[in-house]
Amino acid sequence: MRREPRIVVIGAGVSGIASAITLQRKGFRNVTILEKGADVGGVWHWNRYPGLTCDVPSQLYQFGFAPNPKWSAVFAPGPEIQRYLADVVDRYHLRPLIRLNSEVVDARFAGSEWRVRTGDGAEYAADFVIAATGVLHHPAQPDIPGLDQFEGDIVHTARWDDSVRTAGRRIAVIGTGSTGVQVVSALQPEAERLTHFVRSPQWVIWAPMWLPQPAAVGAVLDRLPDVNKALYRAGMIGAKLFTDIVTRPSWRRRAVQEYARLSLRAQVRDPELRARLTPDYEPLCKRQVLSGSYYRALHARNTELVSEGIEAVTPTGVRTSDGREHAVDLIVFATGFQAHNYMRPMNLIGRDGLSIDEAWAKGPRAYRMTALPGFPNLFTVLGPNSPTGSIPLHHAAEITARYIAAWIARWQTGEFDTVEVTAAATERFEAEVTAALGPTVWNTGCNSWYFTEGGAIDLLPFDRARMESMLAAPDDDDFTLRTSAR
């Protein structure tokens, strides 16, 4: 007798959308998507800061099953990506399945089912829970003395307030990385003065982030879908090359690293400024930053780079360790996210009362990015060790969702009631990952957000073929299957 599984998907970003559409294609109908935001899109809903642009080419930053031929630019702006994700949701009729403004605060395994509760008090019973919460959704804001006394405006790039005026302001941007680089480039032209506080400089590779995709190209791709598919496949080949560069030492890695150094030398001629902008680690060790405008913005008369550490915020400015006070009336935090929270801070309780905080006391861990020992019938999409720095995330989400759907299909036929990965299989996968991370560029001596609290690198050091092989089909030897007495 076939059973109809009750499935709760947590999150309506890239991974949640991929999961829901995959489940829909496999014939599962009892699917509920719980999204804490007011709209779909995940990180592309929450992030709306000026200058927001994807650093992955548009033709690659999309679902393979839902190509968009008419991107406006080679590197799409954030609002356009959010609209694309919303269009995919509408095209595949997911809206009736989605509960917006429904943040999951509690999820507990109760013997044979999950009980999920949202902040508004609604409760859902589920046979399977898919945590598609993603990585970048909990903003990280440093606790700086005096911040609560500041008389101006404070905004984080991940929670941008459109009502905050930026033109004609004295702006402090705190933090670097892609977000800091983009927001500095966008705010500098109209600011009275912009001060960029950079504790650790980043390698910034020159790239034409503003380059438009000609309308004629979009029209051709729209009329000739096979050409569009071929372009996507070409992009995947390019992504494979990048994976090789970051995971294995080679002349290709050295060539890209030299281009990063050349980008700095060619654009920053002032030796003193160049020295302050030169990182003390290898290019590519951190998430690589692309920009064609950041160094130009730093050379503007109304811009200053400050390398000294921040000591405190005063009512009217920012005081640095050299005793200098920088007068500002708007502070912009571009300080990123608490990247390893995943499902947290929700109260997630698995078998025998095991909490996610207890399970991850030494840092996030999962079997092949998707299964957690102690948490039956729960899977993650783009969970721990996902290929954030190497393989296109849309593709990784699609592959993972198909793997999860295969397990649920077996439950549907009554083969088991609960499925749980073993601790031994999880530890074996961790050991394989740790060994493979040795020669990667991420392990060459920098301090990046890729590192967990326990010192592990939270990335996948394998290529796309290896990832697809790992998730091609369930391996029963790595799981415990249980059947309840009926």
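Taken together, the values in this text are just the output of simple stated rules run on the coordinates, not laboratory data. The structure presented is a predicted model; accordingly, all values stated were derived computationally and were not measured. Glycine also receives a Cβ, built like all others from the backbone with ideal geometry; neighbour counts cover every protein chain displayed.
Using 0.36 nm times the number of residues separating R233 and R3, minus their current alpha carbon distance, what extension gain do you get? Could the numbers behind the result be given before it?
Values: separation 230, 0.36 × 230 = 82.80 nm, distance 3.76 nm.
Value of the extension gain: 79.0 nm.
Nearest 20 debye, what's the magnitude of the dipole of the chain about its Cα centre given +1 on Lys and Arg Cβ and -1 on Asp and Glu Cβ?
Using only the charged Cβ atoms, the result is roughly 1300 debye.
Pull out the extension gain between T483 and E308, defined as 0.36 nm times the separation in residues minus the alpha carbon to alpha carbon distance; nm, one decimal.
Details: separation 175, 0.36 × 175 = 63.00 nm, distance 6.11 nm.
That works out to 56.9 nm of additional length.
For region 70-137, what is the charge dipole size about the Cα centre, in debye to the nearest 20, if Lys and Arg each add +1 at the Cβ and Asp and Glu each add -1 at the Cβ?
Working: 8 positive and 9 negative charges, 37 e Å.
With only Lys, Arg, Asp and Glu charged at Cβ, the dipole is about 180 debye.
In whole Å, what is the distance between the alpha-carbon centres of region 23-79 and region 316-339?
Distance between centres, Cα-based: 32 Å.
Do any trypsin sites (Lys or Arg not before Pro) in region 11-59 lie in a loop, going by DSSP, with at most 13 other beta-carbon atoms within 10 Å of their beta carbon, and if so which?
Answer by residue number: R29.
Using the alpha carbons of the chain, what is the convex hull volume per residue in cubic angstrom, as a whole number? Can you show the working numbers first?
Details: hull volume 75.7 nm³, N = 486.
That works out to 156 Å³ per residue.
For the chain, which DSSP H helices look membrane-span-like by this rule: Cα extent along the axis of 27 Å or more and mean Kyte-Doolittle of at least -1.0?
Values: long enough: 225-247 (33 Å, 0.31); 393-412 (28 Å, 0.10).
Span-like helices, by this rule, are 225-247, 393-412.
What's log10 of I(q)/I(0) for region 180-289 at q = 0.13, 0.19, 0.20 Å⁻¹, Debye sum over Cα points only, no solvent?
With one equal scatterer per Cα and no solvent, log10 I(q)/I(0) is -0.73, -1.10, -1.15.
Any idea what the relative contact order of the chain is, in percent, if you count C-alpha pairs under 8 Å spaced at least 6 apart? Walk me through the numbers on the way to the answer.
Numbers: 963 pairs, mean separation 105.1, N = 486.
Reported relative contact order: 22 percent.
If I measure Cβ to Cβ between cysteines in the chain, which ones have no partner under 4.7 Å?
Result for the chain is C54, no neighbouring Cys Cβ within the cutoff.
Relative to 2.2 N^0.38 Å, what does the C-alpha radius of gyration of region 311-410 come to as a ratio? Two decimals please.
Cα Rg divided by the expected 2.2 N^0.38 Å: 1.62.
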